[in-house]
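The values are calculated or read from the model by the stated rules, or taken from the named source; none is laboratory data. As the structure is a prediction and not an experimental result, all values here were calculated from the model. Counting neighbours? That spans all protein chains shown, and the Cβs are built from the backbone with ideal geometry, glycine included. For accessibility, only protein heavy atoms count, side chains too; no ligands or nucleic acids. Shrake-Rupley method; radii C 1.70, N 1.55, O 1.52, S 1.80 Å.
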Amino acid sequence: GAGLGKTPIIAAETGKFSLSGGIEIDEELVQEGNRNFLKVNKSKKDKNLFLVQGNVESPGDIENLMSTIKGLGINPGTATLFIFNKNSYGPEVLKNSLIQIEKHFSSIVYLYQNPIHHYVLTSMNYIEFGQDSKSFTAHKNYKYRLFFKHVYAKE
């Protein structure tokens, strides 16, 4: 869940992404997150921020997310999706959410903070290409792993 929109705001402020947004199941958090987007967008500079309400496991909610992304000028079929997960899901939700998103994106980078269910990604053919250098006793907010999955076009 994207919560109050903090992660999309930080991503937008880097200037490295064409679009920054998220999906959040709690309607009140979505409303407050959208208010936060208005606060940071006072410069009238379009940061391409969005937040939609939905469940990451619901095909209909993922279709709504895709409609929003397409409406903001991004073609999921040719874009790379960057996902940030602060371990807010159990293994089944993680797997189901990836199954849903892979129907739309063939190129995904996954930053997994506090990655206790990282085996789900590797079992789904994600390649781990980076991780923190902290000891195993470090606080969970300092632990992360980076994964990548790309389905290459058949020639």
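Of all the residues that make up segment 10-26, how many are acidic (Asp, Glu) and not in a loop (DSSP other than H, G, I, E, B)?
Filtering segment 10-26 down to residues acidic (Asp, Glu) leaves 13, 24, 26.
After this cut, where a residue has to be not in a loop (DSSP other than H, G, I, E, B) as well, the list is 13, 24.
Counting residues in segment 10-26 that are acidic (Asp, Glu) and not in a loop (DSSP other than H, G, I, E, B) gives 2.
Looking at segment 45-155, what strands (runs of 3 or more DSSP E) fall wholly within it and have at least 1 residues that are open to solvent by 50 Å² or more (accessible area, probe 1.4 Å), without any contact (Cβ under 8 Å) to a residue 24 or more places away in the chain and more than 20 Å from residue 21 (Cβ to Cβ)? First the steps, then the outcome.
Values: elements: 49-53, 80-85, 107-113, 127-131, 144-150.
Qualifying strands (runs of 3 or more DSSP E): 127-131.
For the list (1) over 22 Å from residue 104 (Cβ atoms); (2) surrounded by 15 or more Cβ atoms within 10 Å (Cβ to Cβ), I need the number of the one condition that residue 21 fails.
Tallying (1) over 22 Å from residue 104 (Cβ atoms); (2) surrounded by 15 or more Cβ atoms within 10 Å (Cβ to Cβ), residue 21 fails exactly one: (1).
Considering 39, 16, which residue is within 20 Å of residue 81 (Cβ to Cβ) and out of contact with any helix residue (DSSP H, G or I) (no Cβ under 8 Å at 6 or more places or on another chain)? Walk me through how you get there before you give the answer.
Numbers: 39 fails: within 20 Å of residue 81 (Cβ to Cβ).
Answer to the check: 16.
Answer yes if at least one residue in segment 112-122 is among the aromatic types (Phe, Trp, Tyr), over 20 Å from residue 7 (Cβ atoms) and modelled with pLDDT of 90 or more, and no otherwise.
Yes: segment 112-122 contains one or more residues that are among the aromatic types (Phe, Trp, Tyr), over 20 Å from residue 7 (Cβ atoms) and modelled with pLDDT of 90 or more.
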